[in-house]
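Peer 1: This is the structure, below, for whatever I ask next.
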């Protein structure tokens with residue numbers, strides 16, 4: 001999507017960007033939401049609850065990144081185990097890779113739930 005030049009008063013631009021950031025967060029696009037919210041904070045740091053929404057978007061982006069890394073680590077470990085065991089078939093390796101990614105993702109969710117419980121007052 002090409003960059004869009006915003007017109008109108010600063011408050012109107014911030015309102016448009018704020019709504020866009022909320023839409024991106026609803027879609028799970030936390031990277032995009034962080035980018036949009038940073039633009040609002042840069043020009044109007046006191047606009048609505050932008051600062052707290054930015055903090056939430058950054059936290060959720062971090063959680064997503066952690067889950068992706070855990071899935072990758074799980075896949076790598078599964079492939080390493082498959083190599084050591086001597087799996088003779090690429091299709092079996094693919095199944096092992098998917099199972100490892102799912103296991104890593106599940107472990108990441110477990111770790112995050114544990115962190116949330118410890119952080120809760």
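The values are calculated or read from the model by the stated rules, or taken from the named source; none is laboratory data. Since the structure is predicted, the reported quantities are computational estimates derived from the model, not experimental observations. Neighbour counts are summed over all protein chains in view; Cβ atoms, including those assigned to glycine, are modelled from backbone coordinates with ideal geometry.
Peer 1: Please pick out the residue among 97, 53, 69 that is buried (at least 16 other Cβ atoms within 10 Å of the Cβ) and within 30 Å of residue 22 (Cβ to Cβ).
Peer 2: 53
Peer 1: Name, by its number, the condition in (1) surrounded by 14 or more Cβ atoms within 10 Å (Cβ to Cβ); (2) farther than 27 Å from residue 111 by Cβ; (3) modelled with pLDDT of 90 or more that does not hold for residue 13.
Peer 2: The failed condition is (3).
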